[in-house]
There are 2 protein chains.
Amino acid sequence: MVVLRGLIISLALIGGIAKADIQWRIPDKNNLVMMTLPQGKVVVELAPEFAPKHVKQFKNLVKKQHYDGNKFYRVIDGFVAQAGPKDGSAKDRGVPLLALEGEWGFKKDWPFTLVQTGDLFAEKTGFVNGFSVGISVSEKKSWLTHCPGVIAMARGNNKNSGSSHFYIPNGQAPRYLDRLMTIFGRVIYGMEHVQSITRTAVIEGQAPITADKYTPIVRMQMMSDIPKDQQITLAVERTDSPEFLARLVKRKERKNPFFFKAPPQVLDVCQVPIRSKLMNE
Amino acid sequence: MVVLRGLIISLALIGGIAKADIQWRIPDKNNLVMMTLPQGKVVVELAPEFAPKHVKQFKNLVKKQHYDGNKFYRVIDGFVAQAGPKDGSAKDRGVPLLALEGEWGFKKDWPFTLVQTGDLFAEKTGFVNGFSVGISVSEKKSWLTHCPGVIAMARGNNKNSGSSHFYIPNGQAPRYLDRLMTIFGRVIYGMEHVQSITRTAVIEGQAPITADKYTPIVRMQMMSDIPKDQQITLAVERTDSPEFLARLVKRKERKNPFFFKAPPQVLDVCQVPIRSKLMNE
């Protein structure tokens, strides 16, 4: 928290990344969604390894331009930004409901990086492929955790009623939703634009926000369907790389002189940044 | 997470609040700061009961228009928005350094409402007057916790070097800063505008943000110094009220049919909203 001015990192393009790079990976463009908002572009990495049916349906919907022109109609500061096709559209009513993909058995061959034991909502937390994961050893279950910037499917009271409407947590992680909802991706670029989506929920006594003020999704496309010269090429830090592990340790130990007294050696999995870098600006 | 449309609460002004109201209180306007950003107004409630020296100095600086025209020059998505007078201004160099007010003994006569035991960063968490507090029973210490929306003084490596530059956490709570920094207030209105402050930190490969794009503080004033017809009058929910306590219990138990399976009966103190309401729109 040093009063730093001129902190901006002005690194030039550092060139391509070898496929064998152990610190960085280039996500498959068939698993990247570009969401264009009036304020800027947001890139989501989908998680077919965790929520295959949700990812499959979401990709189909994106390809059919199901979300173009939709609005973020339920946006609560410190909670979520939720969007989907206009209430009652015939096109949306025809979208199949999906069985919840909220938790699963723990797969031992995952590149799991432990972050913390004894988290309030999970016996263990950590990362798999950049996604934050909770684990219950006693129940032999694992799940993606509701950190800010994940994308999850909205649903009704029926746990198997999600179809197209989605939400992105925009505040302190609503972890009580873990295991009860299907998280199927996470924002890897442009989260600041998600944070500036117009809030539709007002406080008591405040004038309502009329629907014409809601933030629209200008366009939602699979990155692989965008002409190459308009694609955003991103690299994401590998959460099982030695560099990342070393950063986790530093983040726990806080040996920097700024910390005149060491904080508890614990980490909130939702407070650990996973780096992205831009390869083509 | 039900797909709700038309969620907007369109309550009209519900009239004055009696001084003896047990659910709501009207903060003293001598403890409220109005920060005008280009995107909207933000109201901060100061915490003289926790950080008297910081509050006193901050109020003096606000009254002297020390922050008018300042910029948010260090804004990191998911971390903090930090502002202060331009580097090296003579006016700023003359501001006294303050001794840290990061923790203190626990005062038994506080209206403390317990939220959680066994939080990662504190033996107990809870609220006092709407401010989230961490407690170490074994060390007999308490402190304000770094939830999104608190305002704290920036400093250098010397723990007693804070003076005027401040930050507001804008992402998952950076709780590792608890006890090491002085939190002296919290945003009670307009947090969405803090969330939309232009990020100055870019990712690797991205073009730097030039200083002319930084979000300015158009004006910062004590609410009590603003003409009455331009003041924002807010009520804040009392965190020791029976209504608030009942809501905490509901939030832990989640008996709503949406929760087909109850989540763990735990609460993250930074994920519990404290309601404000507007009395004069």
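The values are calculated or read from the model by the stated rules, or taken from the named source; none is laboratory data. As the structure is a prediction and not an experimental result, all values here were calculated from the model. We place every Cβ from the backbone using ideal geometry, glycine too, and count neighbours over all the protein chains shown.
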Sort through B:Pro273, B:Pro264 and tell me the only one that's surrounded by fewer than 19 Cβ atoms within 10 Å (Cβ to Cβ), touching a Phe, Trp or Tyr at 6+ places or on another chain (Cβ under 6 Å) and within 26 Å of B:His146 (Cβ to Cβ).
B:Pro264
Take the stretch A:97-126 and flag every residue that is surrounded by 13 or more Cβ atoms within 10 Å (Cβ to Cβ), under 23 Å from A:Gln265 (Cβ atoms) and not hydrophobic (A, V, I, L, M, F, W, C).
A:Thr113, A:Gln116, A:Thr117, A:Asp119, A:Glu123, A:Lys124, A:Thr125, A:Gly126
Please enumerate the residues belonging to the stretch A:245-261 that are surrounded by fewer than 13 Cβ atoms within 10 Å (Cβ to Cβ), out of contact with any Leu (no Cβ under 8 Å at 6 or more places or on another chain) and in a loop (DSSP other than H, G, I, E, B).
A:Lys255, A:Asn256, A:Pro257
Filtered residues of the stretch A:259-270 (kept if under 20 Å from the mean Cα position of the chain (by Cα) and over 21 Å from A:Gln23 (Cβ atoms)):
A:Asp268, A:Cys270
Does A:Gly88 satisfy the criteria of being touching a helix residue (DSSP H, G or I) at 6+ places or on another chain (Cβ under 7 Å), under 25 Å from A:Ile209 (Cβ atoms) and not aromatic (Phe, Trp, Tyr)?
no
Among residues of the stretch A:146-182 being polar (S, T, N, Q) and over 24 Å from A:Ser196 (Cβ atoms), the residue surrounded by the most Cβ atoms within 10 Å (Cβ to Cβ) is A:Thr182
Just checking, does the stretch B:129-146 include any residue being touching a Cys at 6+ places or on another chain (Cβ under 8 Å), of a type in the set (S, T, N, Q) and closer than 20 Å to A:Phe260 by Cα?
yes
Report yes if some residue within the stretch A:234-244 is under 27 Å from A:Val95 (Cβ atoms), surrounded by 20 or more Cβ atoms within 10 Å (Cβ to Cβ) and not hydrophobic (A, V, I, L, M, F, W, C); otherwise report no.
no
For residues in the stretch B:74-96 being charged (D, E, K, R) and farther than 16 Å from A:Gln195 by Cβ, which is surrounded by the fewest Cβ atoms within 10 Å (Cβ to Cβ)?
B:Arg93
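Of all the residues that make up the stretch B:262-274, how many are within 7 Å of chain A (Cβ to nearest Cβ) and within 16 Å of B:Arg186 (Cα to Cα)?
Summing the residues that are within 7 Å of chain A (Cβ to nearest Cβ) and within 16 Å of B:Arg186 (Cα to Cα) in the stretch B:262-274 gives 3.
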Tally, over the stretch A:105-148, of residues that are in a loop (DSSP other than H, G, I, E, B), within 20 Å of A:Ala246 (Cα to Cα) and under 17 Å from the mean Cα position of the chain (by Cα):
2
I need every pair where a residue in the stretch B:68-96 that is under 14 Å from B:Ala154 (Cα atoms) and among the aromatic types (Phe, Trp, Tyr) has its Cβ under 7 Å from the Cβ of a residue that is part of a loop (DSSP other than H, G, I, E, B) and at pLDDT below 95, sequence separation at least 6 or different chains.
B:Tyr73/A:Arg5
Failed condition for A:Glu101, given (1) part of a loop (DSSP other than H, G, I, E, B); (2) acidic (Asp, Glu); (3) in contact (Cβ under 8 Å) with a residue 24 or more places away in the chain; (4) within 19 Å of A:Ile217 (Cβ to Cβ):
(4)
Please work out if A:Asn129 is polar (S, T, N, Q) and buried (at least 16 other Cβ atoms within 10 Å of the Cβ).
yes
